[in-house]
DNA sequence: CGGGCAATGTTCGTTGACGAACATACAAAT
DNA sequence: ATTTGTATGTTCGTCAACGAACATTGCCCG
């Protein structure tokens with residue numbers, strides 16, 4: 001049996017759960033189920049009925065859209081700052097997009113019914129989730145304009161920065177093919193852009209692994225979209241107190 | 001003094017207001033203020049504190065984003081099916097985008113405070129606004145992927161269809177320059193695409209006016225995005241009963 | 001330790017959109 | 001009716017991204 005660092009598996013590694021007042025958190029805690037998300041796993045597909053909301057701790061989930069031609073694009077990403085499944089409380093239960101695990105890891109999931117019970121109390125949980133949804137909208141908005149006007153290289157840098165924020169080690173497990181699918185561009189386009197970044201000493205990589213060497217380099221080459229989203233995210237989520245010292249409920 | 005058809009100025013020409021149960025509508029009605037929105041008028045700008053929500057009746061408002069280079073793109077449009085100012089109730093009060101009047105007309109506006117009073121009752125108004133926000137998210141999502149993968153001509157057709165749904169006459173007051181700014185492309189690109197559509201007999205136009213002749217033609221040449229959004233919109237908003245026969249409160 | 005295969009590298013022609021520059025023509029105002 | 005400004009038309013060269021085809025290389029697994 002593997003020895004597991006409990007801090008890695010505490011619900012409060014997810015910022016939303018951590019931001020809940022104690023009363024709300026304690027109500028939810030017994031219903032939070034730790035699940036392991038594997039690379040490529042699909043949390044929901046277009047039209048599928050979503051049964052759980054997922055609060056990532058160490059995993060990253062990509063909200064992904066596939067069009068008729070087979071081409072696709074990432075609409076937004078969700079890491080430990082957010083939750084997958086906003087359509088549960090926004091209404092409609094499903095969306096035309098899908099949610100795919102982009103980086104393997106863990107998440108806590110909460111049954112649709114439990115989520116709605118808490119949401120319908122119209123208390124802190126509702127305000128928190130709506131505020132987060134607004135931040136997610138900012139991300140989507142920026143993605144739309146970024147797709148229109150910025151180059152593949154700029155978008156790659158932006159994407160690496162966002163991912164880096166969620167993977168503090170800077171060691172990404174990620175093929176160029178996968179990155180290309182996220183950005184909705186050709187794999188060759190990523191190969192070329194990544195090659196330039198490597199020559200510049202900004203990143204290094206080998207088969208399925210990308211290492212960020214100079215974060216400032218990415219920031220310089222990225223379009224403004226990274227900073228805009230980050231700033232807006234911080235503004236929206238900052239006045240929500242982060243509860244740092246929640247005790248883990250002992251099994 | 002101009003004689004005005006009162007049905008044009010009834011709040012229930014806005015689908016959201018019309019969908020409210022009588023009790024909720026009656027509470028809000030005294031606070032709804034009819035305003036005329038002029039072409040190009042800016043309802044809010046990035047960072048500006050939004051003071052009212054706007055429920056369009058005959059006007060169309062474009063949620064618009066301008067990047068550092070000066071280039072821009074439309075993120076979504078709001079007509080009489082929706083409301084401008086979701087950040088008021090979602091949280092944050094403002095967004096990095098702006099709202100610009102794309103087609104002159106009327107709207108009812110509601111003070112931020114009044115809106116929040118009703119929203120905080122956690123009744124039908126909350127559910128309605130969240131459901132609409134989910135539909136708006138679908139629009140933004142689709143715009144993001146459309147910007148990545150579809151041609152200017154396809155996007156023009158999509159945009160004309162959306163606008164046509166909000167302007168039943170099919171007579172749009174709109175320069176190519178303005179359309180280009182909406183789609184975030186060059187004016188010449190619109191000239192060329194529109195020229196092809198005219199040759200095909202799908203549309204006709206003259207200085208600042210576009211007339212749709214064959215709607216089916218647009219549907220054929222448009223990308224899938226129009227249909228996806230429309231279908232999803234209908235799904236999300238259909239189980240919300242439309243109140244057709246609200247009485248106008250006499251002044 | 002040596003396949004075998006997936007990931008990465010490289011090249012080529014093609015294309016859709018861009019940016020700039022300029023020509024034309026319509027509609028509103030004098 | 002003529003003017004004038006703005007909307008539309010047209011044509012360049014340029015370029016970033018595409019699609020396809022193929023070469024190479026690192027890593028896992030037998």
Check: residue B:193 passes all but one of (1) within 14 Å of another protein chain (Cβ to nearest Cβ); (2) within 13 Å of DNA strand C (Cβ to nearest atom); (3) crowded, with 19+ Cβ neighbours inside 10 Å; which number fails?
Finding: (1)
Item checked: Test: residue in region B:206-215 that is within 22 Å of residue B:148 (Cα to Cα) and more than 11 Å from DNA strand C (Cβ to nearest atom) -> no
Check: Of all residues in region A:134-189, which are within 12 Å of DNA strand C (Cβ to nearest atom), surrounded by fewer than 24 Cβ atoms within 10 Å (Cβ to Cβ) and under 23 Å from residue A:104 (Cα atoms)?
Finding: A:172, A:173, A:174, A:175, A:176, A:177, A:178, A:180, A:181, A:187
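Across region B:105-127, what is the total count of residues that are more than 9 Å from chain A (Cβ to nearest Cβ) and either within 24 Å of residue A:47 (Cα to Cα) or in contact (Cβ under 8 Å) with a residue 24 or more places away in the chain (or both)? Walk me through how you get there before you give the answer.
If we filter region B:105-127 for residues that are more than 9 Å from chain A (Cβ to nearest Cβ), which is where we start, we get B:105-119, B:123-125.
Now drop any that are not either within 24 Å of residue A:47 (Cα to Cα) or in contact (Cβ under 8 Å) with a residue 24 or more places away in the chain (or both), which leaves B:105-112, B:114-116, B:118-119, B:123-125.
Number satisfying all stated conditions: 16.
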Note to self: Quick check on my filter: what residues within region A:143-176 are away from chain B (no Cβ under 14 Å) and farther than 21 Å from residue A:231 by Cβ?
What the structure shows: A:153, A:169, A:170, A:171, A:172, A:173, A:174, A:175, A:176
Next item on the list: Would you please list the contacts, defined by Cβ atoms under 6 Å and residues six or more apart or on different chains, that run from a residue in region A:63-74 that is within 7 Å of another protein chain (Cβ to nearest Cβ) and under 18 Å from residue A:138 (Cβ atoms) to a residue that is more than 14 Å from DNA strand D (Cβ to nearest atom) and in a loop (DSSP other than H, G, I, E, B)?
Entry: A:65/A:97
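Quick one: which residue in A:23, A:18, A:53 is at pLDDT 95 or above, loosely packed, with under 12 Cβ neighbours inside 10 Å and closer than 23 Å to residue A:237 by Cβ? Break it down stepwise before answering.
On the way: A:18 fails: loosely packed, with under 12 Cβ neighbours inside 10 Å; A:53 fails: loosely packed, with under 12 Cβ neighbours inside 10 Å.
Every option except A:23 fails the conditions.
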Checklist line | Selection status of residue B:89, at the interface with chain A (Cβ under 8 Å from one of its Cβ atoms) and either touching a strand residue (DSSP E or B) at 6+ places or on another chain (Cβ under 8 Å) or under 20 Å from residue B:237 (Cα atoms) (or both) | finding: yes
Margin query: Just the residues that are within 14 Å of DNA strand D (Cβ to nearest atom) and either within 14 Å of chain B (Cβ to nearest Cβ) or exposed (fewer than 15 other Cβ atoms within 10 Å of the Cβ) (or both), please, taken from region A:199-209.
Written below: A:204, A:206, A:207, A:208, A:209
Notebook entry, point to check: Quick one: would you say residue A:184 is within 16 Å of DNA strand D (Cβ to nearest atom), within 9 Å of chain B (Cβ to nearest Cβ) and farther than 19 Å from residue A:220 by Cβ?
Noted result: yes
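The values are calculated or read from the model by the stated rules, or taken from the named source; none is laboratory data. In this text the structure is predicted, and so the values were computed from the model without any measurement. Neighbour counts are summed over all protein chains in view; Cβ atoms, including those assigned to glycine, are modelled from backbone coordinates with ideal geometry.
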